[in-house]
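One structure is given here, and the rest of the page talks about it.
The values are calculated or read from the model by the stated rules, or taken from the named source; none is laboratory data. Model, not experiment: these values are computed from the prediction. Note that each Cβ is placed from the backbone with ideal geometry, even for glycine, and that neighbours are counted across all protein chains shown.
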Amino acid sequence: MAAKLKKSYKFALRSSTFITLLSLVVLSLLLYFFSAFSIKLVLIFCLLLFFLSFIILQYRVEKFIYKRIKKIYDDVSLLESSSFQDQPITTDMSTLTEEIEKFAKDKKLEIETLKVRENYRKEFLGNVSHELKTPLFTVQGYILTLLEGGALKDRAVRKKYLQRASKGVERLIYIVKDLDMIAKLESGDLNLEYEDFDIVELAQSVFEMLEMKAAKKNISIVFDTKYEPIMVNADKERIQQVLTNLVVNSIKYGKGDGTTEVSIENLVKNKIIVRVTDNGEGIEKKNIPRLFERFYRVDKSGSRKEGGSGLGLSIVKHIIEAHKEKIYVESVFGVGSEFSFTLEKAKQTTEV
């Protein structure tokens, strides 16, 4: 506070000195020319004093404030030059305050975004490490047992251990392939091959493919009603992957003796929506916003026992978005979940 007072005193002292000296000069000149006191002399002196004081104070104040504000601009510009590029320096306090407040707000938002991204990066790296570490250690364990434990001579043990090691390698390949697919989808390097196909027939083939997996938990995979063929235009292989991942997910988290139901509805003239609904354990509301993140698992312990790369829903989201379509999720904890996505109808069936 003392430093601020000293600066203001210094400013006032200098300004007063300038005014006094100039006033003295003006008064001396007036006395010299008029040689005596008069009302006219006083009025002229007052007007000149006012005019000169105004000029001096205006100049001094502008310079005094300008120097300090310029320093603020310079300091801020070091942080973000683009925010102040080609803008005149203003000595208006309200304008300056608005600019600084806006800058601070933008910086705060940027910092918060970077923190979120940093936390996501750390979590993602931790998840990748964990997902890769488990099968790697499994493979390493079985191979070391064979090499150091003398089990190589026992044909039955050797075969069993090699088969288990092979499963670990398959899981590693599965994770790497899924990561590669997500990377290609995000960068736009994975080209979609659009074609017209029957979504009902495709869904039925997914049912048949996963029938045995569902039977282990006595879960039925069914349509909600009997459908005639519904032709859509999309990448058939990728949409099959979407349906497979969603149905596998419903089986994985579904309750025993439950049901996975697929329904297809018209949305607008050229759109349909495909829904995959289960009566499983459901998802808590706090977890829903993060469902499509890579490796994110609602039940981190239980879901790993079920296998999978932890990338299924992330792949689903990227494939649907690559089609310029939307994916939705609704869930009630303890009741069940519904995942749905839109598709465009084939041109010859847009009037359905």
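What the table shows:
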| item | result |
| --- | --- |
| Residues being in contact (Cβ under 8 Å) with a residue 60 or more places away in the chain and small (Gly, Ala, Ser) - total across region 193-213 | 1 |
| Residue check, residue 202 assigned by TED's automatic domain parsing to the domain that holds residue 244 and touching a Lys or Arg at 6+ places or on another chain (Cβ under 8 Å) | yes |
| Single unsatisfied condition, residue 153 versus (1) at pLDDT 80 or above; (2) loosely packed, with under 13 Cβ neighbours inside 10 Å | (1) |
| Any hit, region 116-127, residues being free of Cβ contacts under 8 Å to residues at least 24 places away in the same chain and either assigned by TED's automatic domain parsing to the domain that holds residue 260 or in contact with a helix residue (DSSP H, G or I) (Cβ under 9 Å, 6 or more places away or on another chain) (or both) | no |
| Residue within region 251-270 that is modelled with pLDDT under 90, of a type outside the set (A, V, I, L, M, F, W, C) and within 24 Å of the chain's Cα centre (by Cα) present | no |
| Filter result for residue 329 (modelled with pLDDT of 85 or more and more than 24 Å from the chain's Cα centre (by Cα)) | no |
| Subset tally (residues that are charged (D, E, K, R) and under 18 Å from residue 344 (Cβ atoms)) for region 229-271 | 7 |
